[in-house]
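Below you'll find the structure, written out as structure tokens, and then a few comments.
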Amino acid sequence: QVQLVESGGGLVQAGGSLRLSCAASGRTFSSYGMGWFRQAPGKEREFVSTISRSGIIKYYADSVKGRWTIFRDNAKNTVYLQMNSLKHEDTAVYYCAARSDGSYSSIANSYDYWGQGTQVTVSS
């Protein structure tokens, strides 16, 4: 079992920034594709961003493209989501996920491991 632990969530004003972190257990982090998803109250879980095992390939949901950046530090077993220009609509629980085959994906069901989530609340 690979454990993923998100951190960095909190309360922020619209227009502000947060950086989420997802720390993974073990020494095999560099072999995982990683993703960020979010779930707002009353909504289905939706794709936010994904990154390949090498960090070379990245994709973003249209709603966050240009505002946010995903990156990883394999030496620290950590993937990050830098969230700038936050909007009220970004309020959600954010989940980190890992994919064993190392590829990127926007499909939640394709991920093998999930963190517990971290709350991001953006005041308007």
Check your understanding: Any residue in segment 44-62 that is assigned to a strand (DSSP E or B), in contact with a Cys (Cβ under 9 Å, 6 or more places away or on another chain), open to solvent by less than 50 Å² (accessible area, probe 1.4 Å) and of a type in the set (Gly, Ala, Ser)?
Key -> no
Check your understanding: Of the residues in segment 78-124, how many are at pLDDT below 95 and polar (S, T, N, Q)?
Key -> 3
Check your understanding: Given the conditions (1) within 15 Å of Ala97 (Cα to Cα); (2) modelled with pLDDT of 95 or more, which single one is not true for Lys65?
Key -> (1)
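The values are calculated or read from the model by the stated rules, or taken from the named source; none is laboratory data. Please read these numbers as outputs of a predicted model, since none were measured by experiment. We place every Cβ from the backbone using ideal geometry, glycine too, and count neighbours over all the protein chains shown. With ligands, DNA and RNA removed, areas are computed over all heavy atoms of the protein, side chains included. Shrake-Rupley method; radii C 1.70, N 1.55, O 1.52, S 1.80 Å.
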